[in-house]
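I have placed the structure first, in the form of structure tokens, so that the comments after it can refer back to it.
Bear in mind that the values in this text are calculations on the coordinates, not laboratory data. Remember, predicted model here, so these are calculated numbers, not experimental data. No Cβ is skipped: glycine too gets one built from the backbone with ideal geometry, and neighbour counts run over all protein chains shown.
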Amino acid sequence: MSALPTRTPATPARPQPAPLAAPRPGWKNVMSALLTRTPVLWFLFLFNAAVAIAASTAGSHLHLHGHTLHGSQQVTTAAGMGIVALGAGGALFLRRTKRA
């Protein structure tokens, strides 16, 4: 006797069910719901800006478990984190309240 459950073959009369990871209809995407919240945008902006500045200025001197950033790794890390910080900052700028 097998320990695995038996599966019936998929036929046109009996289609296979959708996988569990498939999005359910009517449910809002969790990631877009998170990215519209102001505290999350502030965290993304401040954290990524701090990491971009640290990586660009002292990347070769930062030691994490024996690893450092050198050359193109340093530039790419600083650029990537800076782009995310600019995106979050732009979203915060566009969402600010307008004064009458």
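Charge tally around residue 41: other residues with Cβ under 15 Å, Lys/Arg +1 each, Asp/Glu -1 each, net +3. Net charge of the neighbourhood of residue 89, taken over other residues with C-beta under 14 Å away and scored Lys/Arg +1, Asp/Glu -1, is +2. Taking 0.36 nm per residue of sequence separation and removing the Cα-Cα distance, the residue 61/residue 36 pair yields an extension gain of 5.4 nm. Taken along the Cα-to-beta-carbon direction at a fixed 7 Å, the label points for residue 29 and residue 68 span 4.1 nm.
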